[in-house]
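Colleague: First the structure, which I've put down as C-alpha cells, then a few questions once you've had a look.
The values are calculated or read from the model by the stated rules, or taken from the named source; none is laboratory data. Quick caveat, the model's predicted, so the values are computed rather than measured. A quick note on method: Cβ atoms are made from the backbone with ideal geometry, for glycine too, and the neighbour counts reach across all protein chains shown. Side chains are part of the model used for accessible areas, which takes the heavy atoms of the whole protein and leaves out ligands, DNA and RNA. Shrake-Rupley method; radii C 1.70, N 1.55, O 1.52, S 1.80 Å.
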Amino acid sequence: VISVVSNAAALNTAAFAVIPSAISEDQVTSLRSWLSGGKTALLVLTNVSVGPTLAALSGDPSPAVIEATGEYGLLGDVDFTHPIFSPFADPRFSDFSRIHFWKHRIWTIPPSSSAHVLAKFDDGAPALALISVGRGNLLVLTSGWQPADSQLALSSKFVPLLQSILDWSGGAAPSRAQFQTGESI
C-alpha cells in the first residue's frame, strides 16, 4: 500500500494507493497508467482543490465539487450488496448513523459517468463512489477521516471498512494458511 504517489517506481511496487490530496500532472499520468493496468486507488476529497485530480483520473473534464453546508452529515444509503460493504450487511453491523461527518464535499456526478455510488450521505450526495479506469478501479471518498472532517477514524467500522476495501481491491497481503513444523508464525 502506498499513501502518496511519489514516483512511478514506488507506484509500480504498490498493490493499492491512497491519494489524500491533489497531485501533479506527471503523477496523474503515472497513476492513470497504473490504474488502467488493473490496480485500485482511493482518492480522498479532503477539500475542493482535489477536484482537478478527480477530473484527470476519472476522465470527467469538469467535475462539480463543492463544500457541503450544514451542521453535519450522516451516511444515509449504503449498498450492502457490493463486496466492500457486504461484511456489514448483517443488521448487527449495518448501522452507520452514529458516524458524524462534519465536512464533506458534494460531487455532482454527470449522467454520462460510469461511476457507481456505493454510499450516500443523508443529503443525497455521494459518500463513496467507484469509477472504472481501464481494468482498474478508482474509489472516491468525499470526506476525510481526520477529526476535522469526520468521526470515521474513531468508529469501530473504520478498520474493518479499510480491510474490506483492501481485500476487494486485491491490495491486502495474502494470508498463509499452512506452515511447516518449526516455522515462525
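Colleague: Could you give the length gained by full extension between Thr181 and Ser112, i.e. 0.36 nm per residue of separation minus their alpha carbon distance, to one decimal place?
Modeller: 19.2 nm
Colleague: Also, I was wondering about something else. Which length gain, in nm to one decimal place, applies between Ala89 and Gln146 when the Cα-Cα distance is subtracted from 0.36 nm times their residue separation?
Modeller: Roughly 18.0 nm would be gained on extension.
Colleague: With all protein chains present, how much of the accessible area of the chain (probe radius 1.4 Å) comes from carbon and sulfur, to the nearest whole percent?
Modeller: Solvent-exposed carbon and sulfur of the chain make up 54 percent of the total.
Colleague: Looking at the chain, what % of its DSSP beta bridges pair antiparallel, to the nearest 5?
Modeller: If I count the DSSP bridges inside the chain, around 65 percent turn out antiparallel.
Colleague: Modelled label-to-label distance, Phe158 and Thr13, 7 Å Cα→beta-carbon offset: nm?
Modeller: 2.8
Colleague: Given a Förster radius of 35 Å and the C-beta distance between Ser33 and Ala64 as r, what FRET efficiency does 1/(1 + (r/R0)^6) yield to the nearest 0.05?
Modeller: 0.85
Colleague: If each residue of separation counts as 0.36 nm, what is the full-extension length gain between Glu71 and Asp122 once their alpha-carbon separation is subtracted?
Modeller: Between Glu71 and Asp122, full extension yields 17.1 nm more.
Colleague: If all Cα-Cα distances of segment 1-154 are sorted into 5 Å bins from 0 onward, what percent lands in each bin, rounded to whole numbers?
Modeller: Calculated over all Cα pairs of segment 1-154, the distribution is 2, 9, 18, 23, 20, 16, 9, 3, 0 percent.
Colleague: DSSP loop trypsin sites (Lys or Arg not before Pro) in segment 39-145 with at most 13 other Cβ atoms within 10 Å of their Cβ, which ones?
Modeller: For trypsin sites (Lys or Arg not before Pro) across segment 39-145 that sit outside H, G, I, E and B with at most 13 neighbouring Cβ atoms in 10 Å, the list reads Arg92, Arg98, Arg135.
Colleague: Positive end of the dipole of the chain, charges at C-beta (+1 Lys, Arg; -1 Asp, Glu), about the Cα centre: which of Phe96, Ile109, Ser21 has its Cα farthest in that direction?
Modeller: Of the candidates, Ser21 comes out farthest on the positive side.
Colleague: Residues of the chain: accessible area per residue at 1.4 Å, in Å²?
Modeller: 52
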